[in-house]
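The next block holds one structure in the form of structure tokens; read it before the comments.
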Amino acid sequence: MEACIMDDKKRCGAVSGLTTVVNPISLARLVMEKTPHIYLAFDGAEAFAREQGVETLDSSHFITPDNVERLNKAKEAKRVQIDYTQPLHKDKKEETPDADGDSKLGTVGCVAVDSFGNLASATSTGGFVNKMVGRIGDTPIIGAGTYANNLCAVSATGKGEAIIRGTVARDVAALMEFKGVSLKEAAAYVVEESTPKGNVGLIAVSAAGEVTMPFNTTGMFRACATEDGYSEIGIWPNSVENGGDNH
Ligand code: ASP
């Protein structure tokens, strides 16, 4: 498991290679608040978790029969995949696969802005099923899966290698910073023009409270809520009639 948190003052913390920590994002926050560093991984991150007294469980807790089955199926198919492709049991409803047969159940991202324009972004994931031991994805990498500055907060999901190559989250902020474009325009450019199709989705808010949730996969589980009562929940692209911003 791995996670990352960042705020508009560019304070940030990240962890990866965790096998026992129940809430990796809380540990990422402790790295941000209690250490002179940004990123702790593997044994060092686990030792820091013990030192801070965060909730941990034996790693066997995370090895559920469903997860083992998912892993075995991925191994059989020789696939490294985002969560899983097939329903695990006949009586379970099929999980919304995307064009590549992947479903989007793995990563959880959250971005927030308050009435003063304070921004924060956080992302947490178990990464891919059947990933290599030691593989680190985009989620804990500042500027790839997670980024915030005084203009916006961004959290990405999708194929980590493509997101790292594209510095996806930072590119959204950079377009706003250097080109002066709006959050929506910046995010749409990164998702539609600069990251290969089928690879990425992101959620983002600006200091002014603008929200955007574009993706170039078939679907992305997403939701947003504003203080004045607006809320939106979606999986598939919004239709133009719905005022959707997913191209
Ligand atoms: N981006 C994550 C990774 O590559 C996977 C995901 O978003 O589900 O580890």
Measuring from its Cα centre, the chain shows a charge dipole (+1 at each Lys and Arg Cβ, -1 at each Asp and Glu Cβ) which, in debye to the nearest 20, is 660
Links exceeding 23 Å between C-alpha atoms in this model, out of K131/K184; K10/K197; K34/K159; K73/K159; K9/K197, come to K131/K184; K10/K197; K34/K159; K9/K197
With a ≥ b ≥ c from the Cα gyration tensor eigenvalues, square-rooted, and the rule rounded for a/c under 1.5, otherwise prolate when a/b > b/c and oblate otherwise, segment 176-244 is oblate
With R₀ set to 25 angstrom, the calculated FRET efficiency between the beta-carbons of E161 and E76, to the nearest 0.05, is 0.65
Contour minus Cα-Cα span, K10 to H61, at 0.36 nm per residue, comes to 14.9 nm
Here, F178 and T226, labelled 7 Å along Cα→Cβ, have an inter-label distance in nm of 3.0
In the chain the accessible area split gives carbon plus sulfur, as whole percent at 1.4 Å, a share of 55
Computed over segment 115-247, protein heavy atoms only, probe 1.4 angstrom, the accessible area per residue in square angstrom equals 46
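The values are calculated or read from the model by the stated rules, or taken from the named source; none is laboratory data. These numbers come from a predicted model, not from an experiment. Methodologically, a virtual Cβ is constructed for each residue, glycine included, from the backbone with ideal geometry; neighbour enumeration extends over all protein chains shown. Side chains are part of the model used for accessible areas, which takes the heavy atoms of the whole protein and leaves out ligands, DNA and RNA. Shrake-Rupley method; radii C 1.70, N 1.55, O 1.52, S 1.80 Å.
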